[in-house]
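Each remark here refers to the structure printed beneath this line.
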Amino acid sequence: MIELIVDAGGLARTRFAVSPLHEVAATLLPWGLRPATDTDPWVARARRVLRRARLPLLSELALDGGGYVPDFLNPHPTGPSPTVEEELERVRDTPPDRVMFELEALRDGRPDSGLAGAELPPPVARAMARGGGYVARQVAEELGHYWDLAFAPYWEAARAVLEAEVDRCAGVLARHGAAALFNSLHPGIAWSDGTLRVDSRFTVRLAVPLLIVVPSLVVSQPAVAVDPVRGGRRPPMVACPVRERATAPEPASPELSGLLGPTRAGLLTALALPASTTQLAQRHFLSPATVSYHLGVLHKAGLVTRARSGRAVLYHRTPAGSRLAATR
């Protein structure tokens, strides 16, 4: 069990973020090797891409069972939705001492927290001998290549789902408060009396200045990244599975297609969960321009609304649109 004690000031500073490199690093953990049955296909194939891509450090740092993936591969998001280029630059600029401390934590373990040590794979040990700066640059290069091969084609759609989850959490916070929000994230996460408790095989209890919460399409259970550097002050990052995944919509009824036309009817039916123009275009094999045109017509008719979420504009069905989509 991990217990994170947060005072009122820390709770006020707590924030949510969408992180592309978090999703990349999460595939190096065991759930990247054994994804859940409802995982998106691009997640399930990421490890196969990693094996074929000849990325020596990432391949050796990936876990088949328990263990630790160094946190510098997955920098804490500095804003609500950083780009992958911004995060790769932060990996590249990781202080060499921190890189070495985290690799030493991988080698030596943290017995007081339940983390066993492990012999460093030869490619990692050789890179470590060249210094923390070299390791950071090499890892950043490999992460960029892995991203291009396994994640970039799907990120726009994935980000829309992750940002919709952040919006859902914001709604819970606004309507019901912080305690209800944390207790809504996952059955393995519980909040009471100023302490966030997360189910874990590790044993950690510490007071923290704030929390960074990152929704994920990769992780199947909550996970907490606690600073492995002794005396480190980096706040913990809590990853939790997206609660509501987009699912394939039922086809539009003949009546709805006759009223709106098959394309608009299909788009309206698909908006059971918020989605961006790009995401809808990918799902329906349409050009973004075509989707944008038809969404504009639905918006003018009062059947959908739109709101910016980070860098994306998400479309939502209005109550009138939902009633019409349910017509059979």
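The values are calculated or read from the model by the stated rules, or taken from the named source; none is laboratory data. This is a predicted model, so every value here is computed, not measured. Neighbour counts run over all protein chains shown; Cβ positions are idealised from the backbone, glycine included. Surface accessibility is based on the protein's heavy atoms, side chains included, excluding ligands, DNA and RNA. Shrake-Rupley method; radii C 1.70, N 1.55, O 1.52, S 1.80 Å.
Listing for the model above:
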quantity: Cα convex hull volume per residue for region 2-120 (Å³); calculated: 156 Å³
quantity: Residue-by-residue Karplus 3J(HN,Hα) for region 87-93, coefficients 6.51, -1.76, 1.60, Hz, glycine and proline x; calculated: 6, 5, 5, 5, 4, 4, 9
quantity: Accessible surface of region 115-173, 1.4 Å probe, proportion on carbon and sulfur as whole %; calculated: 57 percent
quantity: Ser59, Ser184, ranked by accessible area, largest first (probe 1.4 Å); calculated: Ser59, Ser184
quantity: Relative contact order (%) - criterion: Cα under 8 Å, at least six apart; region: the chain; calculated: 22 percent
quantity: Shape call, region 135-246: gyration tensor on alpha carbons, a/c limit 1.5; calculated: oblate
quantity: Per-bin percent of Cα-Cα distances, region 178-328 [10 Å]; calculated: 10, 31, 22, 19, 14, 4, 0
quantity: In degrees, nearest ten, helix 96-108 long axis to first principal axis of the chain (Cα); calculated: 80 degrees
quantity: Accessible surface, 1.4 Å probe, highest first, among residues Phe72, Phe16; calculated: Phe16, Phe72
quantity: Ranking by accessible area, most exposed first, for Thr203, Thr277, Thr305 with a 1.4 Å probe; calculated: Thr203, Thr305, Thr277
quantity: Which label in (i) 21.5, 68; (ii) 20.1, 66; (iii) 24.5, 104 gives the computed Rg and Dmax of the Cα atoms in Å; calculated: (i)
quantity: Derived scalar couplings ³J(HN,Hα) [region 256-273; Karplus, 6.51 cos²θ - 1.76 cosθ + 1.60; whole Hz; x for Gly, Pro]; calculated: 5, 5, x, 6, 9, x, x, 5, 5, 5, x, 5, 5, 5, 5, 7, 4, 10
quantity: Accessible surface, region 1-72, averaged per residue in Å² (probe 1.4 Å); calculated: 43 Å²
quantity: Whole-angstrom gap from region 255-305 to region 4-59, using each part's C-alpha centre; calculated: 31 Å
quantity: Region 125-193: trypsin sites (Lys or Arg not before Pro) in DSSP loop, at most 13 other beta carbons within 10 Å; calculated: Arg130
quantity: Derived scalar couplings ³J(HN,Hα) [region 142-148; Karplus, 6.51 cos²θ - 1.76 cosθ + 1.60; whole Hz; x for Gly, Pro]; calculated: 5, 4, x, 5, 4, 4, 4
quantity: Most mobile listed residue (Pro228, Pro288, Pro215) in the chain, GNM with C-alpha springs under 10 Å; calculated: Pro288
